[in-house]
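Asker: Handing you a structure now.
The values are calculated or read from the model by the stated rules, or taken from the named source; none is laboratory data. Note that the structure is a prediction, hence the values are computed from the model and not measured. Cβ placement follows ideal geometry from the backbone for every residue including glycine, while neighbour counts extend to all protein chains displayed. Surface areas here come from the heavy atoms of the whole protein model, side chains and all, with no ligands, DNA or RNA. Shrake-Rupley method; radii C 1.70, N 1.55, O 1.52, S 1.80 Å.
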Amino acid sequence: MSHVFHRHTKHSYPTAMRGEGVYLFDDKGKKYLDGSGGAAVSCLGHGDPDVIEAIKAQAESLAYAHTSFFTSEPAEQLADKLVAASDGDFERVYFVSGGSEAVEAALKLARQYFLEKGESTRRRFIARRQSYHGNTLGALATGGNQWRKEPFAPLMVETSLISPCYAYRGQQDGESAFEYGQRVANELEEELMRVGPETVIAFVAEPVVGATLGAVPPVEGYFKRIREICDTYGILLILDEVMCGMGRTGSVFAYKQEGIRPDIVTIAKGLGAGYQPIGAMLCSAEIYAAIEAGTGFFQHGHTYVGHPTACAAANVVVDKLTAGLAARSADMGQKLNAALKASFGQHPNIGDIRGRGLFQGLEIVENRDTKSPFAPELAINAKIKKAAFANGLGCYPMGGTVDGRNGDHVLLAPPFILADEHIKEITDKLGAAFAEVL
């Protein structure tokens, strides 16, 4: 009998024993292609010798030192590399242990920034429906995943939700993509007028929406308009790149493809590539200066902030991303997208194939012409996940794509070391799962 509190009490899990490249192996010797990188985590694949050696070397010299007493060389080096990778868009980096922690830190810093400036009336956030920002209470509150939020709603901070930039379902007949993007971006201004801009701290969004929508990129001009609105009303722009950042969409930072600069960005998942738990929040010079000129103390913190061993692993990951792996994600992503469209572009139950880089999504529908989803009671996404896994493919299907209850999609986020033969294996095994379930 297992004493582990697993994610689902009515589900049994195989035991993962080892990883090699894009594959994982269980205790029975079965081989699985890691087509979703776990949850868009394993960007370098499994068993990278350089990362493993860095972890060993750091643990031998200094495994841990609390950041209320010390800084560490790996943390200082990693912060320098991340600031450089942002081309100076950010000045300071706050390390945490994962994505939800990074978002919590961002929300708290944003609130404290305004307190330091004497704007204490700012207490709420605005975010988007069908978004996901993490499972801790603050992060969950700013997300738009209603299924995850509903049980804990009484415990959450005040957040308004506007429409996502989801052209497949939101763009109207006769409306250009640009016009659609401007229309939904302008909902931010409308909501600011409704609640009073002096009460709002920040707008929170994923540059490319991950788990809840399935790799949905924005249309051109959407985020430029969002940035204009934030600047006009003096609110901060927080971009959550926990899932879509660190090369996943083809650039080290996903926001770079939008031609804007956020005030705060959060990263995790691909930052550690699964080798150590780590995340980070990066903030602008202006935000840091307000804290420095005020109390000087960010009223936040966790025991494992800036963990030296985690930072040592992430240093190697960032080196590899900036040396060409992020660009490889863009190239291989084009190949994967082309293969998905060739295999499933005319499938009667695949309504949309979208994404950027090695972050691709397929939306499943009952009827392509009407875009009507399957009834949620059918649990199509869960059945596809089970069928694909039985066939040796790990992928990331989710439900509630359309409105939090209806709709299904499959998210693919394989390691950046993916080769052409692995793309064929993904489409073949995914096709077999579709044939069995659909």
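Asker: Quick one: in region 98-116, which of the residues that are of a type in the set (Gly, Ala, Ser) and more than 15 Å from the chain's Cα centre (by Cα) is surrounded by the fewest Cβ atoms within 10 Å (Cβ to Cβ)?
Answerer: Per the criteria, the residue is Ala110.
Asker: If a residue must be open to solvent by less than 30 Å² (accessible area, probe 1.4 Å) and either without any contact (Cβ under 8 Å) to a residue 40 or more places away in the chain or touching a His at 6+ places or on another chain (Cβ under 8 Å) (or both), how many such residues does region 176-196 contain? Walk me through how you get there before you give the answer.
Answerer: Step one: list which residues in region 176-196 are open to solvent by less than 30 Å² (accessible area, probe 1.4 Å), which gives 180-181, 184-185, 188, 191-192, 195-196.
Retained after the next criterion (residues that are either without any contact (Cβ under 8 Å) to a residue 40 or more places away in the chain or touching a His at 6+ places or on another chain (Cβ under 8 Å) (or both)): 180, 184, 196.
So the count comes out to 3.
Asker: Then there's this: Of (1) surrounded by 20 or more Cβ atoms within 10 Å (Cβ to Cβ); (2) within 26 Å of His307 (Cβ to Cβ), Tyr32 satisfies all except one. Which?
Answerer: Condition not satisfied by Tyr32: (2).
Asker: Same structure, new question: Look through region 261-318, keep the residues that are over 18 Å from Leu78 (Cα atoms), out of contact with any Asp or Glu (no Cβ under 8 Å at 6 or more places or on another chain) and not in a loop (DSSP other than H, G, I, E, B), and return whichever of them is most open to solvent (accessible area, probe 1.4 Å).
Answerer: Restricting to residues being over 18 Å from Leu78 (Cα atoms), out of contact with any Asp or Glu (no Cβ under 8 Å at 6 or more places or on another chain) and not in a loop (DSSP other than H, G, I, E, B), the top hit is Glu292.
Asker: Mind telling me which of the residues Ala139, Ala177, Ala84 ends up being under 20 Å from the mean Cα position of the chain (by Cα) and modelled with pLDDT of 95 or more?
Answerer: The conditions single out Ala139.
Asker: Quick check on region 81-97: of everything there that is open to solvent by less than 10 Å² (accessible area, probe 1.4 Å) and in a loop (DSSP other than H, G, I, E, B), which residue is farthest from Gly294 (Cα to Cα)?
Answerer: Top of the filtered list is Ser86.
Asker: I would also like to ask the following. For the subset of region 38-80 comprising residues that are part of a helix (DSSP H, G or I) and charged (D, E, K, R), which member is most open to solvent (accessible area, probe 1.4 Å)?
Answerer: Within region 38-80, the match that is most open to solvent (accessible area, probe 1.4 Å) is Glu60.
Asker: Check whether at least one residue in region 358-374 is outside any loop (DSSP other than H, G, I, E, B), charged (D, E, K, R) and surrounded by fewer than 22 Cβ atoms within 10 Å (Cβ to Cβ), and report yes or no.
Answerer: no
Asker: Looking at region 151-178, which of its residues are more than 21 Å from Val195 (Cα to Cα) and acidic (Asp, Glu)?
Answerer: Of everything in region 151-178, those that are more than 21 Å from Val195 (Cα to Cα) and acidic (Asp, Glu) turn out to be Asp173, Glu175.
Asker: Could you check, for region 420-433, whether at least one of its residues is open to solvent by less than 40 Å² (accessible area, probe 1.4 Å) and more than 16 Å from Ser36 (Cα to Cα)?
Answerer: The answer is no, given that none of the residues of region 420-433 is open to solvent by less than 40 Å² (accessible area, probe 1.4 Å) and more than 16 Å from Ser36 (Cα to Cα).
Asker: Output the number of the condition that Gly214 fails; it satisfies all remaining conditions of (1) open to solvent by 10 Å² or more (accessible area, probe 1.4 Å); (2) on the phi > 0 side of the Ramachandran plot; (3) in contact (Cβ under 8 Å) with a residue 40 or more places away in the chain.
Answerer: Unmet condition: (1).
Asker: What tally of residues in region 143-167 results from selecting those that are surrounded by 15 or more Cβ atoms within 10 Å (Cβ to Cβ) and outside any loop (DSSP other than H, G, I, E, B)?
Answerer: 8
Asker: If Ala254 meets every condition in (1) closer than 22 Å to Arg128 by Cα; (2) of a type in the set (A, V, I, L, M); (3) touching a helix residue (DSSP H, G or I) at 6+ places or on another chain (Cβ under 8 Å) apart from one, which number is that one?
Answerer: Condition not satisfied by Ala254: (3).
Asker: Moving to a separate point now. What number of residues within region 27-37 satisfy the criterion of being of a type outside the set (Lys, Arg), at negative phi and assigned to a loop (DSSP other than H, G, I, E, B)?
Answerer: Residues in region 27-37 being of a type outside the set (Lys, Arg), at negative phi and assigned to a loop (DSSP other than H, G, I, E, B): 3 in total.
Asker: Let me ask something else about it. Filter region 1-26 for residues that are part of a strand (DSSP E or B) and not charged (D, E, K, R) and give the result.
Answerer: Hits for region 1-26 are Ala16, Met17, Gly19, Gly21, Tyr23, Leu24, Phe25.
Asker: For residues that are without any contact (Cβ under 8 Å) to a residue 12 or more places away in the chain and open to solvent by less than 80 Å² (accessible area, probe 1.4 Å), scanning just region 1-15, find the one that is farthest from Gly274 (Cα to Cα).
Answerer: Ser2
Asker: Give me the residue from region 380-398 that is assigned to a strand (DSSP E or B) and touching a helix residue (DSSP H, G or I) at 6+ places or on another chain (Cβ under 7 Å) and, out of that set, farthest from Leu411 (Cα to Cα). Outline the logic, then answer.
Answerer: Kept after step one, since they are assigned to a strand (DSSP E or B), are these residues of region 380-398: 393-394, 396-398.
Now restrict to residues that are touching a helix residue (DSSP H, G or I) at 6+ places or on another chain (Cβ under 7 Å): 393, 396-398.
Values: Leu393: 12, Tyr396: 5, Pro397: 6, Met398: 8 Å.
So, considering only residues that are assigned to a strand (DSSP E or B) and touching a helix residue (DSSP H, G or I) at 6+ places or on another chain (Cβ under 7 Å), the one farthest from Leu411 (Cα to Cα) is Leu393.
Asker: Still on this structure: What pairs come up if the first residue lies in region 60-84 and is more than 12 Å from Cys311 (Cα to Cα), the second is aliphatic (A, V, I, L, M) and at pLDDT 95 or above, and their beta carbons are under 7 Å apart, counting only those six or more places apart or on different chains?
Answerer: As it stands, the answer is Thr67/Val305; Val83/Val93, since those pairs meet every condition given.
Asker: Scan region 406-422 residue by residue and report those that are over 17 Å from Gln346 (Cα atoms), under 22 Å from the mean Cα position of the chain (by Cα) and among the hydrophobic types (A, V, I, L, M, F, W, C).
Answerer: Pass one, region 406-422, residues over 17 Å from Gln346 (Cα atoms): 406-408, 411-422.
The next check asks that each one be under 22 Å from the mean Cα position of the chain (by Cα); those that pass are 406-408, 411-418.
Matches in region 406-422: Leu411, Leu412, Ala413, Phe416, Ile417, Leu418.
Asker: When region 27-59 is examined, which residues are found to be touching a Phe, Trp or Tyr at 6+ places or on another chain (Cβ under 7 Å) and over 14 Å from Ala273 (Cα atoms)?
Answerer: The answer is Lys31, Tyr32, Leu33.
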